[in-house]
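The values are calculated or read from the model by the stated rules, or taken from the named source; none is laboratory data. Everything numeric in this text was worked out from a predicted model, so none of it was measured. Cβ atoms come from the backbone with ideal geometry, glycine included; neighbour counts cover every protein chain shown.
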Amino acid sequence: MMLDRILYGGVTVSDFIVSVIILFAAVMIGKAVSLRIRHSLKDKVSKDRLNTISKIVYFLSLMIGFLIVLPILEFRISGFLVAGGILGIIIGFASQSIVTNLISGVFLTFERPFRVDDVVRLGGENGTMGVVEEIKIISTTMRTFEGVYVRVPNEKVFTGNITNFLENIARRFEYDVGIRYKDDADEAMELIKELIEEQPMALKNPEPQVFVEQLGGSAVELKVRVWAPSTEWFPLRMELLWKIKKELEENGIQVPFNQQEVWFKNALQTEEER
């Protein structure tokens, strides 16, 4: 029969077709099980952990299908290992950075310094800042606040500085508010404290602080410190600053311009020079 024609060794066309069907079935089963896991655990497990679990299940399904096909195609494990070893040496010399990124990705998975949807900065003060989109084996992808897609190799992520702005439950922000010397500092501080108390997202513990920090050259410098939930930190910071400005102005308290007084040693001589 046509299907019994030998392709190589003892493998026939029918063996090859069966192997293709098994691999296709393994792929479809892996995708189906992975999709089922995503639907079942989406409300119980974090997004990044759910991605890891679904990928592991998918690749296990492929591995099982591959192991079933090997005997049918009469692959010898010893020869496969030798070929794999030679290929591994070639790949090792050609792509050492890929291996490093792979190992770094494994370490990141276990250490978990950040999760999907966290706001992070990678690489210090001048590094990349944005929202984590996906943590892959080789790289981590982010979306900046300008909407730019950024892919960062895991080696740079793991060996560099990582700042996670959502890891802690609460986060503090502060303002420097300057008022005129002739304005009532006690009244200004009381108005600011009342505004903070009206904000439902401003935390009571740790307690907010409003105090005179220093007497500047042109203004009395007030320091305002407020704690907020990390997820509400930025909206509250923007809203409260504008409300403080409006409240002080409505009560006749102004933020002064920088001023400089010039004293002339001889006013008469100055007039003559003019």
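Does the range 30-37 contain at least one residue that is at pLDDT below 70 and of a type outside the set (Gly, Ala, Ser)? Looking through the range 30-37, none of the residues is at pLDDT below 70 and of a type outside the set (Gly, Ala, Ser).
Taking the range 237-252 as the range and being touching a residue at least 12 places away in the same chain (Cβ under 8 Å) and hydrophobic (A, V, I, L, M, F, W, C) as the test, the residues that pass are LEU240, LEU241, ILE244, LEU248. Please go through the range 117-176 and pick out each residue that is closer than 24 Å to PRO206 by Cα and part of a loop (DSSP other than H, G, I, E, B). Scanning the range 117-176 gives ASP118, PHE165, LEU166, GLU167, ASN168, ILE169. Flag not set for GLU187, criterion: under 28 Å from VAL120 (Cβ atoms) and not in a strand (DSSP E or B). Checked against the criterion of being loosely packed, with under 14 Cβ neighbours inside 10 Å, assigned by TED's automatic domain parsing to the domain that holds PRO235 and not basic (Lys, Arg), the candidates ASP117, ASP186 yield just one match: ASP186. Among the residues examined, VAL132 qualifies as surrounded by 19 or more Cβ atoms within 10 Å (Cβ to Cβ) and modelled with pLDDT of 90 or more. All of (1) more than 30 Å from PHE257 (Cβ to Cβ); (2) in contact (Cβ under 8 Å) with a residue 24 or more places away in the chain; (3) surrounded by fewer than 16 Cβ atoms within 10 Å (Cβ to Cβ); (4) basic (Lys, Arg) hold for ARG172 with one exception: (1).
If you go through the range 190-200 and keep only what is within 16 Å of GLU249 (Cα to Cα) and either among the acidic types (Asp, Glu) or not in a helix (DSSP H, G or I) (or both), you end up with GLU190, GLU194.
A residue that is in the same structural domain as ASP118 (by TED's automatic domain parsing), within 21 Å of the chain's Cα centre (by Cα) and small (Gly, Ala, Ser) occurs nowhere in the range 226-236. For the range 41-58, the criterion of a residue being out of contact with any strand residue (DSSP E or B) (no Cβ under 7 Å at 6 or more places or on another chain), among the β-branched types (Val, Ile, Thr), farther than 26 Å from VAL131 by Cβ and at pLDDT below 80 is satisfied by at least one position. If you go through the range 183-214 and keep only what is free of Cβ contacts under 8 Å to residues at least 24 places away in the same chain and of a type in the set (A, V, I, L, M, F, W, C), you end up with VAL210, PHE211.
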